[in-house]
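Data first, discussion second: the structure below is written as structure tokens.
The values are calculated or read from the model by the stated rules, or taken from the named source; none is laboratory data. The structure displayed is predicted, hence computed values, not measured ones. In this analysis, Cβ positions are derived from the backbone assuming ideal geometry, glycine residues included, and neighbour counts consider all displayed protein chains. With ligands, DNA and RNA removed, areas are computed over all heavy atoms of the protein, side chains included. Shrake-Rupley method; radii C 1.70, N 1.55, O 1.52, S 1.80 Å.
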Amino acid sequence: MVLGIETSCDETGVALVRDGVLLGEALSTSMDEHARYGGVVPEIAARAHVQAIVPCVRAALASAGLGTSDIGAVAVTAGPGLATALHVGVSAAKAYATALGVPLYGVHHLAGHLAADLVDGTPLPNPLIALIVSGGHTSLLQVGDLARDPIGHLGDTVDDAAGECFDKVARVLGLPYPGGPAVDRGAVGHDPTALAFPRPLTGRNDAPYTFSFSGLKTAVARWAESHPDSGVPSGDVIASFQEAVVDVLTAKAIRACRDQGIADLLIVGGVAANSRLRELAASRCAAAGIRLRVPARRRCTDNGVMIAALGDLLVRAGAPPSPPDLAAMPGAYLERAQLGVTASLTPTAA
Ligand code: KG4
Ligand code: ZN
């Protein structure tokens, strides 16, 4: 049984997974403590992880009716994320692994997102196109065997991530933190065609899989500043902004599937919880004959289940453990699921 630990941002997530089955989980968030600052404060997040980590492990074990002696391996997010926050999870994981005499697996946070719904049913299709949309990253990826193969980047964002754009625009429009869920709620029942905000990098000569969201953020801010008494309902502004983001995300993801001849699309990360993104992706994929997979909402934002599920996948694939001096890697680039190993599994045939 794998104990999974996630502490890369403001969520302390712990879960227990064995052979693809979720046995127990616990989640604690310091979100409310950051709200008054309008964004995550790394020191506050780290302190909250220190306080929450052991109670979360105990709660996950209690919910499974199991004890520490049932833990056969420990998987932990080693990066990317806030350095202060990652250190807490990595230190805790090393302590549990050492004390219990079990192997340690450092994993990449974004690969964890890809594994988020492995405990809910079927294995991931191979190959697949994955759209990762989180607070810190926006990427279109080509994924093979998640445990073995290198992960190919078709395109990334050149500036802000999609979630960051939601959070910053929400702030400009006076919505509460965190911005993504506030925009999602604020857009319900409003007109997404009221304002034509730009769709960045969607011109004929633009890189097809590259994203850019900082210009859109600026466009919304400028519009709000220069039209204080426009009479346009704020819900319509919010809905029009959200539509621009999800239009670009879904159009590029579907183009990637078509161009690469891959009929399976996986959308993950915090922004994958967005109702309009889920709705538009479903209708566009249906029209294009693409099978769409999006984890249940609660598994889109950071949690321990995704890390335990990925650790379980690595263990079952026979991956070598990470060294006991595994370090937090705040800026880790996504190349493969596991972090901190030199000898990894042989990739499956290309
Ligand atoms: O994956 P995640 O929980 O943490 C990171 O790895 O970054 O993603 C957090 C991001 C935040 O920017 C948050 O505003 C956004 O996901 N988010 C949403 C929604 N729920 C969370 N964005 C749009 N609509 C949502 N419903
Ligand atoms: Zn995340």
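Answer yes or no: is there a residue in the stretch 74-95 that is among the hydroxyl-bearing types (S, T, Y), in a strand (DSSP E or B), within 16 Å of the chain's Cα centre (by Cα) and crowded, with 23+ Cβ neighbours inside 10 Å. The answer is yes, given that some residue of the stretch 74-95 is among the hydroxyl-bearing types (S, T, Y), in a strand (DSSP E or B), within 16 Å of the chain's Cα centre (by Cα) and crowded, with 23+ Cβ neighbours inside 10 Å. Cβ contacts < 8 Å: first residue within 16 Å of V246 (Cβ to Cβ), restricted to the stretch 197-214; second residue basic (K, R), any location; separation 6+ or different chain. Result? What qualifies is T202/K252; F211/K252.
Of the residues V246, V268, which single one is closer than 23 Å to T157 by Cα, touching a residue at least 40 places away in the same chain (Cβ under 8 Å), within 16 Å of ligand 1 (Cβ to nearest atom) and surrounded by 15 or more Cβ atoms within 10 Å (Cβ to Cβ)? First the steps, then the outcome.
Values: V246 fails: touching a residue at least 40 places away in the same chain (Cβ under 8 Å).
Step by step, each of V246, V268 is checked, and only V268 is closer than 23 Å to T157 by Cα, touching a residue at least 40 places away in the same chain (Cβ under 8 Å), within 16 Å of ligand 1 (Cβ to nearest atom) and surrounded by 15 or more Cβ atoms within 10 Å (Cβ to Cβ).
Kindly evaluate D236 against the criterion of being in contact (Cβ under 8 Å) with a residue 24 or more places away in the chain, open to solvent by 60 Å² or more (accessible area, probe 1.4 Å), of a type outside the set (S, T, Y) and in a helix (DSSP H, G or I). Here the answer is no, as D236 does not meet what is asked. Only one entry in A15, A60 is touching a residue at least 24 places away in the same chain (Cβ under 8 Å), touching a Gly at 6+ places or on another chain (Cβ under 7 Å) and not in a helix (DSSP H, G or I), namely A15. Could you say whether any residue in the stretch 158-181 is in a helix (DSSP H, G or I), farther than 14 Å from L310 by Cα, in contact (Cβ under 8 Å) with a residue 24 or more places away in the chain and aromatic (F, W, Y)? Among the residues of the stretch 158-181, at least one is in a helix (DSSP H, G or I), farther than 14 Å from L310 by Cα, in contact (Cβ under 8 Å) with a residue 24 or more places away in the chain and aromatic (F, W, Y), which makes the answer yes. The single residue among A327, A256 that is more than 14 Å from ligand 1 (Cβ to nearest atom) and open to solvent by less than 10 Å² (accessible area, probe 1.4 Å) turns out to be A256.
For the stretch 118-140, enumerate the residues that are modelled with pLDDT of 95 or more and away from ligand 2 (no atom under 14 Å from the Cβ). The answer is L118, V119, P123, L124, P125, N126, P127, L128, I129, L140. Would you say T301 is of a type in the set (S, T, N, Q), assigned to a helix (DSSP H, G or I), open to solvent by 10 Å² or more (accessible area, probe 1.4 Å) and at pLDDT 95 or above? No, not satisfied.
Cβ-Cβ distances below 7 Å connect the following pairs, each with a first residue in the stretch 98-120 that is closer than 16 Å to A78 by Cβ and touching a residue at least 24 places away in the same chain (Cβ under 8 Å), a second residue that is basic (K, R) and away from ligand 2 (no atom under 11 Å from the Cβ), and a separation of six or more residues or different chains: L104/K94.
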